[in-house]
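Note sheet for the following structure.
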Amino acid sequence: MNPSESAQSIKNAARAAGFDWCGICPAVPPPGLERFHQWLASGYHGEMQWLENRRTAYANPQSVLEGARSIVMLALGYSSRPAAQASAGQGRVSRYAWGTRDYHDVIHQRLRWFRESVEKILPGATVRGVVDTAPLLEREFAVLAGLGWQGKNTLVLNRNAGSWFFLAALLVDVELEYDAPNQSDHCGTCRACLDACPTDAFVAPNLLDATRCISYLTIELRGPIPVELRQPMGDWVFGCDVCQDVCPWNRRAPETGVADFHPVDELNPIELGELFSLDDEEFRTRFRKTPLWRARRRGILRNAAIVLGNQAARDSIPALTLGLNDFEPLVRGASAWALGQIDDCNSALRERLDLETENEVIEEIRDALAASSVGTPATSTSPQGRRRE
């Protein structure tokens with residue numbers, strides 16, 4: 001087959017493997033590489049140190065597949081029913097994590113089917129499929145492959161699908177016919193995503209300070225959440241969808257046909273109090289195959305404590321008292337802050353203070369006691385834990 005026929009056969013195979021959209025672009029250095037380097041230099045990646053460690057690898061797709069000449073960009077939608085509002089004692093979970101399986105597992109399975117088909121279409125070709133773990137700027141290549149434009153919230157937007165989709169890529173060492181890159185920006189003068197962000201994470205259109213993003217804070221950050229960002233987190237316990245929920249283009253997104261992405265009631269929203277009674281093994285059993293496993297038990301309980309503190313409901317005191325005496329210092333510190341937002345919790349805080357040996361937790365407890373004594377939110381000046389790996 002010639003490059004045009006091969007490209008069409010590959011697109012047919014992508015649909016047969018269960019992907020919703022497919023575009024093909026050359027395996028060239030990504031157009032936004034310099035912008036990515038400036039983003040890293042500004043420290044907006046926080047503790048996502050693997051991005052800095054592999055910065056040179058992002059410069060060329062050859063680092064992902066030696067001899068790569070083409071990149072097949074794939075998209076799989078995950079839009080579903082409208083989000084439910086969280087009541088007291090509940091936390092909201094980002095839409096992509098409402099289902100029963102981690103999207104990596106779902107996409108990798110489809111990628112295997114797709115790869116086998118491509119190897120038959122291109123006998124002798126070397127092929128590699130990746131899902132957001134390789135040093136590849138997928139969003140840049142999605143735009144280059146004509147799948148959409150990069151919106152002001154930095155996500156790829158498609159006129160028919162909005163931004164409710166995952167990206168994956170298949171690299172091949174064969175030249176194919178390429179799709180025209182997207183050259184139109186359909187955001188216009190709209191600022192809905194920028195203005196709606198609770199933590200003011202957007203430095204400018206198309207520029208995100210990840211260290212202020214609720215998704216980063218609740219998933220990637222491994223230490224305490226900075227005090228000034230706790231209340232703006234609201235009731236988000238895992239991820240955040242605010243900038244997508246307000247985007248007008250997402251009104252057009254079709255509902256996913258992938259059963260694994262269909263929401264289960266217990267994750268939309270999630271009951272927080274019961275999480276504090278789970279030990280490591282019980283947490284693993286419940287969440288190991290879901291995206292929530294990414295934050296691990298200590299991260300989810302830290303987030304849950306912050307949400308309960310923001311809600312300041314007295315019904316959450318027993319759960320937060322469990323958290324105050326948890327074996328993880330991170331959970332104890334967040335629970336102390338949360339109890340400081342609720343009246344009449346001083347006895348539990350003082351009791352823990354007599355037992356506590358971790359300096360950061362001691363500071364959290366003292367700040368919580370000081371806050372509760374004057375009826376104002378805690379504003380700790382103690383050092384916060386640094387961000388993850």
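Reported to two decimal places, what Rg/Rh ratio describes the range 66-119 when computed on Cα atoms with Rh from the Kirkwood expression?
My calculation of the ratio gives 1.17.
If I compute solvent accessible area with a 1.4 Å probe over the protein chains, what percent of it on the range 276-332 is carbon and sulfur?
50 percent
Counting only C-alpha contacts under 8 Å and six or more residues apart, can you give the relative contact order of the range 147-200 as a whole percent?
Once divided by the residue count of the range 147-200, the mean separation gives 42 percent.
Could you let me know the centre-to-centre spacing of the range 243-308 and the range 348-372, using Cα atoms, in angstrom?
If we compute the Cα centre of each part, the gap is 29 Å.
So which residue, out of Glu274, Glu364, Glu140, gets the largest mean-square fluctuation from a GNM of the chain using Cα contacts under 10 Å as springs?
Greatest mean-square fluctuation among the candidates belongs to Glu274.
Mind telling me which of Gln231, Gln183, Gln150 comes out most flexible in a GNM of the chain, alpha-carbon contacts under 10 Å?
Gln183
Quote to one decimal, in nm, the extra length available between Gln109 and Ala88 on full extension: 0.36 nm per residue of separation minus the C-alpha distance between them.
Full extension from Gln109 to Ala88 adds 3.8 nm.
Could you work out the helix-only [θ] at 222 nm for the chain, with each DSSP H run of four or more residues adding -39,500 (n - 2.57) and the total divided by the number of residues, to the nearest 500 deg cm²/dmol?
Helices in the chain give a 222 nm mean residue ellipticity of -10000 deg cm²/dmol.
For Lys120, which lysines qualify as cross-link partners when the Cα separation must be under 16 Å and same-chain residues fewer than eight apart are set aside?
Hits, sequence-local ones excluded: Lys11.
What spacing in nm lies between the two simple spin-label points modelled at Glu116 and Val264, each 7 Å away from Cα in the Cβ direction?
Between Glu116 and Val264, the label points sit 2.7 nm apart.
Report, to the nearest whole %, how much of the accessible area of the range 1-141 belongs to carbon and sulfur atoms, 1.4 Å probe, protein only.
Carbon plus sulfur share of accessible area: 47 percent.
Measuring with a 1.4 Å probe in the full set of protein chains, what accessible area per residue, in whole Å², belongs to the chain?
On a per-residue basis, the chain sits at 44 Å².
³J(HN,Hα) across the range 106-123 via Karplus (A = 6.51, B = -1.76, C = 1.60, θ = phi - 60°), whole Hz, x for Gly/Pro?
5, 6, 4, 4, 5, 4, 4, 4, 5, 4, 4, 5, 5, 5, 7, 5, 10, x
Relative contact order (percent) for the range 276-374, with alpha-carbon contacts under 8 angstrom and 6 or more residues of separation?
Answer for the range 276-374 is 25 percent.
Would you mind telling me which residue in Lys289, Lys120, Lys152 has the biggest mean-square fluctuation in a Gaussian network model of the chain, where springs connect alpha carbons within a distance under 10 angstrom?
Lys120
Express the C-alpha Rg of the range 273-326 as a ratio against the empirical globular expectation 2.2 N^0.38 Å, rounded to two decimals.
Dividing the Cα radius of gyration by 2.2 N^0.38 Å gives 1.12.
Amide H neighbours of Gln150 under 5 Å, at least 5 residues apart or on other chains, H built in the peptide plane: list them.
Those lying under 5 Å, H to H, from Gln150 are Leu157.
Output the relative contact order of the chain, whole-number percent, from Cα pairs under 8 angstrom with separation of 6+ residues.
Here the relative contact order equals 21 percent.
Trp21's amide H: which non-local residues (gap 5+, or another chain) put their own amide H closer than 5 Å, with H modeled 1.01 Å from N in plane and none for Pro or chain starts?
Those qualifying (amide H under 5 Å, at least 5 residues apart or on another chain) are Ala75.
Can you check what the net charge comes to around Gln150, using other residues whose Cβ is under 14 Å from the Cβ of Gln150 (Lys, Arg +1; Asp, Glu -1)?
+1
With equal scatterers on the alpha carbons only and no solvent term, can you work out the Debye log10 of I(q)/I(0) for the chain at 0.08, 0.09, 0.10 1/Å?
-0.46, -0.57, -0.69
Loop only by DSSP, 15 or fewer other Cβ within 10 Å of the Cβ. Give me the chymotrypsin sites (Phe, Trp or Tyr not before Pro) in the range 291-382 that pass, ordered by residue number.
Answer in residue order: Phe327.
Using only Cα atoms, figure out Rg for the range 1-153 and give it as a multiple of 2.2 N^0.38 Å.
Against the compact-globule rule of thumb, the ratio is 1.19.
The values are calculated or read from the model by the stated rules, or taken from the named source; none is laboratory data. No experiment lies behind these values; they were computed from the predicted model shown. When we count neighbours, we look across all protein chains shown, and the Cβ atoms used for this are built from the backbone with ideal geometry, even at glycine. Ligands, DNA and RNA are stripped out before the accessible areas are found, and what is left, the full protein with its side chains, is counted by its heavy atoms. Shrake-Rupley method; radii C 1.70, N 1.55, O 1.52, S 1.80 Å.
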